[in-house]
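In what follows, a structure is listed as structure tokens, so that the remarks can point back to it.
Each reported figure results from applying straightforward, stated rules to the coordinates on display, with no laboratory input. Remember, it's a predicted structure, so these values are computed and weren't measured experimentally. We place every Cβ from the backbone using ideal geometry, glycine too, and count neighbours over all the protein chains shown.
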């Protein structure tokens, strides 16, 4: 809103430096070449943080995914992100990119609530709505969660300040979460807690991450890409990555962009990438998605069951299965024991046509 014991995977990382030519999806190659990014050196890799041991809780899940993280940024249109933000363009080209992802509506709050409850709410008021935390409670105590907010003073805070917008924190507006102050204060915390938990190996199964108003690009569209690189690069080079999925998305586009899925009205065309050892590499999905699909994808990946609300309809808003290359990626559940991603190891062999198109464009970046 504009106002105010790690789960070691057989394909664990070996070589952490690759080139864009090794992974660029054909459609994204054209975008990057058109924008001139192919000839622009990417930032040098950041030094990895401590290779902290990340433990997977005792979950009975059918895959090696036991950490699902959402990173929310603000108010940028997808084509601008791909053109101007080198790190996010890199992620889109190397992992799975949802090229037809649209915000449900303006302003910010609907995207945050849709992702966590299957409802797109305006205005910002306390809500008697079931939400993803209710699914965690039903699933058992092993399904831990945290929401991390840059700039938030204290914990579980509904009060705005210069660096924090509570409209980006849906959990404090769900009455059942907010009423349980013990749980809310323990789980809805400042972003600095993430690093503490990472070092201690106590990160939750589900994490919702929103940086401060500068780093999320709320006011100036220049800071979120460097922030994201500094935050995410070390995680992609840690043991945590072997059992994790990171969704990087935006809440909405500019106010003058009212496009939505299937040509309807919405909150604009926004960037969304899925980063994990288990995604289809260099995938450029053309499926029509919005923030409701993030809710159903959470349910699918973690086998949480369903909330059963309109925005949680798996027919109208199916899980984003096409973004993943599990051993069995079929009906209704993830299914099967996950093996190495396609091609084995950290990096599969790139398609020959990608080599041909991008032969002159090598950008040394992480993973």
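What to note about this one:
- Residue 125-residue 327 FRET efficiency (beta carbon distance; Förster radius 30 Å; 0.05 resolution): 0.10
- Relative contact order (%) - criterion: Cα under 8 Å, at least six apart; region: the stretch 114-166: 20
- Chain lengthening between residue 139 and residue 288 when straightened (0.36 nm per residue, less Cα-Cα): 50.7 nm
- Relative exposure of 278, 85, 194, judged by other C-beta atoms within 10 Å (fewest first): 194, 85, 278
- Per-residue Cβ neighbour rank within 10 angstrom, fewest leading, 230, 238: 230, 238
- Rough spin-label spacing in nm, given labels placed 7 Å along Cα→Cβ, for residue 161 and residue 179: 2.9
- Per-residue Cβ neighbour counts within 10 Å put 63, 258, 199, 272 in the sequence 199, 258, 63, 272, beginning with the fewest.
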